[in-house]
Amino acid sequence: AIAEFSPEARPASDPRPKEPARIPAEEAVVAAAAAKAKAEADAVPAAEARRNAFGAETVASRGAARFEPGPGEVRTIESTISETFKNSTGFSVFLLENGQLWREVDIPTPINARVGDKVIVEKTALGGYKLNFVRINRAILVKRLK
């Protein structure tokens, strides 16, 4: 082992003087670059999430809970038939007391519905509507016209 350093080696063995810190302009550039990189990294997952969510509002993803109404959502209405007739294509059309106009959308079926019959319109699982006739215990698929 060397007990003492030679005069030429001493400067190499001495601790180096501390380097000056970065100047504020360099720090600002580095901080701006880091912020830009973080914003770009955050934007990619957000755009990806929006792209993956496209159309998902119509997909039943809540299992059995998908049939439960959401907060403030109306799933059924009750009313009375004030007028009924058949249109030119043979489908039944129903005017309800509340002013709503509903037309049968499935195949035309003979229904013995009368003015004054109580009906219940309910939303189906796939977004359609079903008109239930309480008196005759029948139901048809309908579309709201007005």
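According to a simple spin-label model (label point 7 Å from Cα along Cα-to-Cβ), what is the distance in nm between residue 29 and residue 126?
Between residue 126 and residue 29, the simple spin-label model gives 6.3 nm.
Kindly count the pairs of lysines across segment 76-144 whose alpha carbons are less than 16 Å apart, treating pairs on different chains or eight or more residues apart as eligible.
Total qualifying Lys-Lys pairs in segment 76-144 comes to 4.
Once you have the Cα-Cα distance between residue 138 and residue 97, take 0.36 nm times their residue separation minus that, and quote the gain in nm to one decimal.
Result: 12.8 nm gained on full extension.
Would you please give the FRET efficiency between residue 118 and residue 87, computed as 1/(1 + (r/R0)^6) with r the Cβ-Cβ distance and R0 = 30 Å, to the nearest 0.05? Could the numbers behind the result be given before it?
On the way: r = 23 Å, r/R0 = 0.76.
For R0 = 30 Å, the calculated efficiency reads 0.85.
Kindly state, as a whole number, the per residue volume in cubic angstrom of the convex hull around the alpha carbon atoms of segment 76-144. List each step's numbers first, then the result.
Numbers: hull volume 5.6 nm³, N = 69.
Convex hull of Cα atoms, per residue: 80 Å³.
FYI, it's all coordinate maths here, none of it is from the lab. The model shown is predicted, which means the values in this text are computed figures rather than measured ones. FYI the Cβ positions are ideal-geometry reconstructions off the backbone, even for glycines, and counts take in every protein chain you see.
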